[in-house]
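Since every read-out is calculated from the coordinates, none of them should be taken as a lab result. Predicted, not measured: the structure shown is a model, and the values here were computed from it. In this analysis, Cβ positions are derived from the backbone assuming ideal geometry, glycine residues included, and neighbour counts consider all displayed protein chains.
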Amino acid sequence: KQLRENLTYELFGTAVRELAQTIADDGYEPDIVLSIARGGVFVAGGLAYALDCKNLHLVNVEFYTGVGETLEMPVMLAPVPNAIDFTDKKVLIADDVADTGKTLKLVHDFCLDHVAEVRSAVIYEKSHSLVKCEYVWKRTDEWINFPWSVLPVVRKSGEPVTPSKEAL
Ligand code: 5GP
């Protein structure tokens, strides 16, 4: 079995505070935190509170899945945020992991045309990522188990539980 990087909810709490500290120490004060759903929502919420930024936006990006397969490129799902709201703002993109980096690149390029400045913060970055994020909590090349996706879907008590595919 492949080695895994295991993030617990408890460790996530530490990670998001330390990531925020790095951003604050760097003097970056974002006007907007832009989260990439769904994994980036946890990170974005934690960073927005820690950095005292009340302007939190969300984009939905998926590696479009056919029959258990991903397409070559990720796609931004509707509703796409109104670019006008971003004009001349300092944006912080937040996600769980930059793996191939394709998801972050898509959102980064979307922002570039409109905003004053855009930087990215992730908990994990893999060495082959085509995007190099300004703020990274930890580097790894292992598959990461995130606490929000490794646990089974919650069913009514007593009904059978299906283990998450990621837990296998
Ligand atoms: P990308 O390859 O575009 O950088 O990553 C896109 C998304 O795939 C990530 O935001 C994350 O949701 C998922 N992903 C990529 N690598 C991993 C991993 O190691 N573990 C888990 N659980 N999800 C991952």
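Restricting attention to region 94-124 and to residues that are within 11 Å of the ligand (Cβ to nearest atom) and touching a Ser or Thr at 6+ places or on another chain (Cβ under 8 Å), the residue that is farthest from residue 78 (Cα to Cα) turns out to be 124.
Being closer than 15 Å to residue 104 by Cβ and out of contact with any helix residue (DSSP H, G or I) (no Cβ under 8 Å at 6 or more places or on another chain) holds for only one residue in 45, 40, and it is 40. Only residues that are farther than 28 Å from residue 25 by Cα and either touching a Leu at 6+ places or on another chain (Cβ under 7 Å) or of a type in the set (Phe, Trp, Tyr) (or both) were counted across region 110-168, and they come to 5.
Output yes when any residue across region 151-162 is crowded, with 20+ Cβ neighbours inside 10 Å and hydroxyl-bearing (Ser, Thr, Tyr), and no when none is. The answer is no, given that none of the residues of region 151-162 is crowded, with 20+ Cβ neighbours inside 10 Å and hydroxyl-bearing (Ser, Thr, Tyr).
Looking across region 92-125, the residues that are without any contact (Cβ under 8 Å) to a residue 60 or more places away in the chain and hydroxyl-bearing (Ser, Thr, Tyr) come down to 100, 120.
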